[in-house]
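The values are calculated or read from the model by the stated rules, or taken from the named source; none is laboratory data. Computed from a predicted structure; not experimentally measured. Every residue, glycine among them, receives a Cβ derived from its backbone with ideal geometry; neighbour counts consider all protein chains shown. Remember, those area values only see protein heavy atoms, side chains included, never the ligands or the DNA or RNA. Shrake-Rupley method; radii C 1.70, N 1.55, O 1.52, S 1.80 Å.
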Amino acid sequence: MSDWKDSLPEAARSYLEGNRLDEVECVISDLPGIARGKAVPAKKFAKQDSFFLPDSIFYQTITGDWGEAAGEEGFIERDMLLRPDMSTATAAPWTADWTLQVIHDAYDRKGEAVPYSPRNVLKRVVELYRAQGWEPVVAPEMEFFLVAKNTDPAKSIEPMMGRSGRPAAARQAYSMTAVDEFGPVIDDIYDFAEAQGFEIDGITQEGGAGQLEINLLHGDPVKLADEVFYFKRLIREAALRHDCFATFMAKPIADEPGSAMHIHHSVVDRETGQNLFSGPQGGETDAFFHFIAGLQNHLPSAIAVLAPYVNSYRRYVRDHAAPINLSWARDNRTTGIRIPISGPEARRVENRIAGMDCNPYLGIAASLACGYLGLMEQKRPSSAFKGDAYEDETDLPRVMGEALNLFEENTALHEVLHPEFARVYTIVKRTEYEEFLQVISPWEREHLLLNV
């Protein structure tokens, strides 16, 4: 890789201009979306085409324990071959020296893509679209909270202190004054994003205390998932500079709205460049309705991927800015599936179900997989919902165990994502859920200890 610097993206080259590169962080996403890998001196990186990590990084729960997912031969921790995707090379501008990050892809010793590596799962789904002559396009929206430092898990999470010296206020959606309260953190987010070559489409205050939303421009699903993966780290680092935490928990603060990763989808014909959801006269096509039907029919089975933790299900509460069902409607934020206002060329379908706590590769892959199944099955959705969808019945699983049952049963979804991914993911999540069930909550001690 002696000429590897020549292949760097423009933003990475600009970042290094006039400076000596010290270190390269070779990273890959595990199932929760945590960056795993190695930091190596730049000179060593220039000499290597790949490096090794054990496949067991994909068997770990969020607590660091292990799911028994290794297969028939048992837990032997085989080495995977990790190869850099140099198009993902980007700055790590919060470090003390000149450092680049590079996302890697995972292969087994035969050169086959490791099927339970999240980035490979998303690539597989995108390739299924391309095999049909389609190009999927997505635009994610990222919601998160800036909160006071919380070093004691027994204590409730509290909003951070704003620039005024007062705690962040709730129910101030779209307030520019509220955004100004976090000005120093937001300035660093913009600076870090610019150094990394990421374009932010906008930052707004959301309804929760200290809750912000960042919108990204639409584009290739893998590229956008890479950016969300990077953004989570970027935002955390910006917050730490200002003595606060950034959290992507789905529901970090009681009685406040949760944080979503809304995903906008469209599908383009690879030959003509035309949006499949719009006809020659600009009308809604059969493909548009088939895609919606796919979301309605298969999202319940994908919830275990889009809402991957027990905390995720606390977000689906009536009248708290999160959907409780899979109704669809045009320009209606109470439904789980929304059709935003747009011209025919930009017609898209928004999935409002995914939580910000999901792995971006897996969340986007699962959402696209449901739409793909809809396009292939060619079924019709329910009628567009009229009115407040919070007044309708819920049709989402309410707890992690129920969601995992639905995921296990949907073999059609497994075939799109990859059966081996589905096997490993289910085992890891079952293990994680069992770990949670061993914990006794303050609510149980308060209300059950002396009353039952």
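Below, the figures for the structure above:
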| read-out | value |
| --- | --- |
| Contact order normalised by residue count of the chain, Cα under 8 Å, 6+ apart, percent | 16 |
| Partners for LYS155 among lysines (Cα-Cα distance below 16 Å; same-chain residues under 8 apart left out) | LYS251 |
| √(5λ) per eigenvalue of the Cα gyration tensor, the stretch 299-347, largest first, Å | 24, 13, 8 |
| Set LYS149/LYS232; LYS44/LYS232; LYS5/LYS44; LYS47/LYS110; LYS123/LYS232; LYS110/LYS232 screened for pairs whose C-alpha atoms are more than 24 Å apart | LYS44/LYS232; LYS110/LYS232 |
| Accessible area per residue in Å² at 1.4 Å probe, computed on the chain | 45 |
| Extended-chain gain in nm, criterion 0.36 nm per residue less alpha-carbon gap, HIS447 and ALA346 | 31.2 nm |
| In nm, spacing of pseudo-spin labels at TRP98 and PHE436 (7 Å Cα→C-beta vector) | 4.6 |
| Rounded percent of accessible protein surface that carbon and sulfur make up, the chain, 1.4 Å probe | 49 |
| Estimated [θ] at 222 nm from DSSP helical runs (n ≥ 4, -39500 (n - 2.57)) normalised by residues in the chain, nearest 500 | -10500 deg cm²/dmol |
| Under 5 Å, built H, 5+ apart or other chain: amide partners of GLN101 | GLU25, THR90, ALA91, ALA92 |
| Environment charge at GLU112 (Cβ cut-off 13 Å; Lys +1, Arg +1, Asp -1, Glu -1) | +2 |
| Residue-wise HN-Hα coupling along the stretch 371-376, computed from phi with Karplus coefficients 6.51, -1.76, 1.60 (Hz; x: Gly, Pro) | x, 4, 4, x, 5, 7 |
| For the stretch 262-269, 3J(HN,Hα) per residue [Karplus equation, 6.51 cos²θ - 1.76 cosθ + 1.60, θ = phi - 60°, Hz, x = Gly/Pro] | 5, 10, 8, 10, 9, 9, 10, 5 |
| Total formal charge among the other residues, if their Cβ is under 10 angstrom from that of PHE288, Lys/Arg +1 and Asp/Glu -1 | 0 |
| FRET efficiency estimate (nearest 0.05) - Cβ-Cβ, ARG241 to ARG20, R0 35 angstrom | 0.90 |
| Sequence-distant residues sharing a close amide H with LYS251 (under 5 Å, placed H) | SER259 |
| Set of aspartates and glutamates near LYS386 by C-alpha distance (under 14 Å), chain-local residues within fewer than 8 positions excluded | ASP331 |
| ³J(HN,Hα), Karplus 6.51/-1.76/1.60, whole Hz, each residue of the stretch 412-417, x for Gly, Pro | 5, 5, 4, 5, 6, 6 |
